[in-house]
Amino acid sequence: MQDPVEVEELQRFVSNSKRLFVMTGAGISTESGIPDYRSEGVGLYARTDRRPVQHAEFVRSASARQRYWARNFVGWPQFSSHQPNQAHLVLRDWEKLGKLHWLVTQNVDALHTKAGSRRMTELHGCTHRVFCLACGDQILRSELQEHFEALNPTWKAEAFGVAPDGDVFLTDEQVRSFQVPACRKCGGILKPDVTFFGDTVSQEKVSFVHQRLAESDSMLVAGSSMQVYSGYRFALAAREKQLPIAVLNIGPTRTHLRKGRTPRGSCEIQCTRRGQQASHVSASPVPCIETISTYQETE
């Protein structure tokens with residue numbers, strides 16, 4: 001069981017929060033069946049030497065785009081079928097109750113949207129949308145899947161493992177004949193509406209999120225190692241404002257709580273390992289949330 005003292009500490013933190021700013025990472029979606037990158041032993045980086053596509057590589061290389069979209073095409077039916085878990089639903093309920101002021105997610109899986117969250121920013125975008133790099137036209141990823149099928153009626157490939165961003169592992173031989181459609185409006189390059197590694201989040205979006213943070217009275221980080229600076233910057237800002245901060249994560253977390261002065265009311269909890277059941281955290285009038293077991297690793 002999780003340390004009851006830590007559970008009580010987190011419960012007190014949520015109870016005392018009136019305008020909670022929440023940041024979620026890949027760890028919140030593992031119970032929905034989506035693997036993460038950094039979990040020790042089971043994350044993508046621990047299991048394979050594969051790395052996500054880089055922004056510059058995708059933009060400049062037609063073969064890189066062919067490889068990306070072939071893998072994404074195979075993985076899309078399963079990835080798009082994932083459903084929200086209890087953590088997503090509880091955060092939605094906190095929003096309805098007025099407890100959650102704003103939600104920022106580093107995930108691109110649309111599970112918060114599926115759960116019904118509305119006061120939310122998808123910091124790194126969403127794989128369920130696609131846009132043209134030339135004219136900016138947007139289409140749904142599900143619509144693009146139909147275009148892929150029309151261009152590749154006889155193409156088939158067997159997947160070797162699934163990655164956190166929804167694609168699968170294929171050999172170079174498998175992707176060589178895959179056809180990639182261009183933008184139907186201008187013939188430009190189509191790209192998922194996500195921030196690839198090596199790219200940056202727009203300053204407009206960052207400024208908007210900073211404003212929501214300035215309106216909040218506390219910050220909860222759930223399921224994120226905070227290794228990506230686009231998310232870590234908000235923890236730094238919260239520390240500067242001396243906001244109480246709670247961190248729920250498995251393994252090391254890059255946070256302001258490790259060094260320097262800790263804002264009063266903050267807490268940091270390392271979640272239990274896979275296979276261990278955890279207590280519930282409740283904060284009246286906020287419904288229960290399976291805080292620890294929800295963020296367990298999955299295969």
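The values are calculated or read from the model by the stated rules, or taken from the named source; none is laboratory data. For clarity, every value in this text was computed on a predicted model and none was experimentally measured. Cβ placement follows ideal geometry from the backbone for every residue including glycine, while neighbour counts extend to all protein chains displayed. Side chains included, ligands, DNA and RNA excluded: accessible areas come from the protein's heavy atoms. Shrake-Rupley method; radii C 1.70, N 1.55, O 1.52, S 1.80 Å.
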Positions within region 175-222 being closer than 17 Å to residue 138 by Cα, part of a strand (DSSP E or B) and of a type in the set (Ser, Thr, Tyr), in sequence order: none
Residue list for region 53-86, restricted to those being touching a Phe, Trp or Tyr at 6+ places or on another chain (Cβ under 8 Å) and surrounded by 16 or more Cβ atoms within 10 Å (Cβ to Cβ): 53, 55, 58, 65, 66, 68, 69, 70, 71, 73
Tabulated pairs, region 168-185, first charged (D, E, K, R), second open to solvent by less than 50 Å² (accessible area, probe 1.4 Å) and assigned to a loop (DSSP other than H, G, I, E, B), C-beta under 9 angstrom, 6+ apart or interchain: 184/137; 185/137
Members of region 75-106 that are touching a Lys or Arg at 6+ places or on another chain (Cβ under 9 Å), part of a loop (DSSP other than H, G, I, E, B), within 27 Å of residue 206 (Cα to Cα) and not basic (Lys, Arg): 84, 98
Sole exception among (1) free of Cβ contacts under 8 Å to residues at least 24 places away in the same chain; (2) on the phi < 0 side of the Ramachandran plot for residue 115, by number: (1)
Region 62-89 residues that are closer than 19 Å to residue 129 by Cβ, paired with ones that are open to solvent by 30 Å² or more (accessible area, probe 1.4 Å) and in a helix (DSSP H, G or I) (beta carbon under 6 Å, 6 or more apart): 84/114
Residue satisfying all of: in region 129-147; without any contact (Cβ under 8 Å) to a residue 60 or more places away in the chain and assigned to a strand (DSSP E or B); least open to solvent (accessible area, probe 1.4 Å) among these: 132
Condition check for residue 203: open to solvent by 60 Å² or more (accessible area, probe 1.4 Å), without any contact (Cβ under 8 Å) to a residue 24 or more places away in the chain, over 25 Å from residue 244 (Cα atoms) and not acidic (Asp, Glu): yes
Per-region count, region 206-239, residues among the hydroxyl-bearing types (Ser, Thr, Tyr), farther than 23 Å from residue 11 by Cα and either in contact (Cβ under 8 Å) with a residue 24 or more places away in the chain or open to solvent by less than 50 Å² (accessible area, probe 1.4 Å) (or both): 2
Test: residue in region 112-125 that is among the β-branched types (Val, Ile, Thr), modelled with pLDDT of 95 or more and either more than 26 Å from residue 207 (Cβ to Cβ) or not in a loop (DSSP other than H, G, I, E, B) (or both): yes
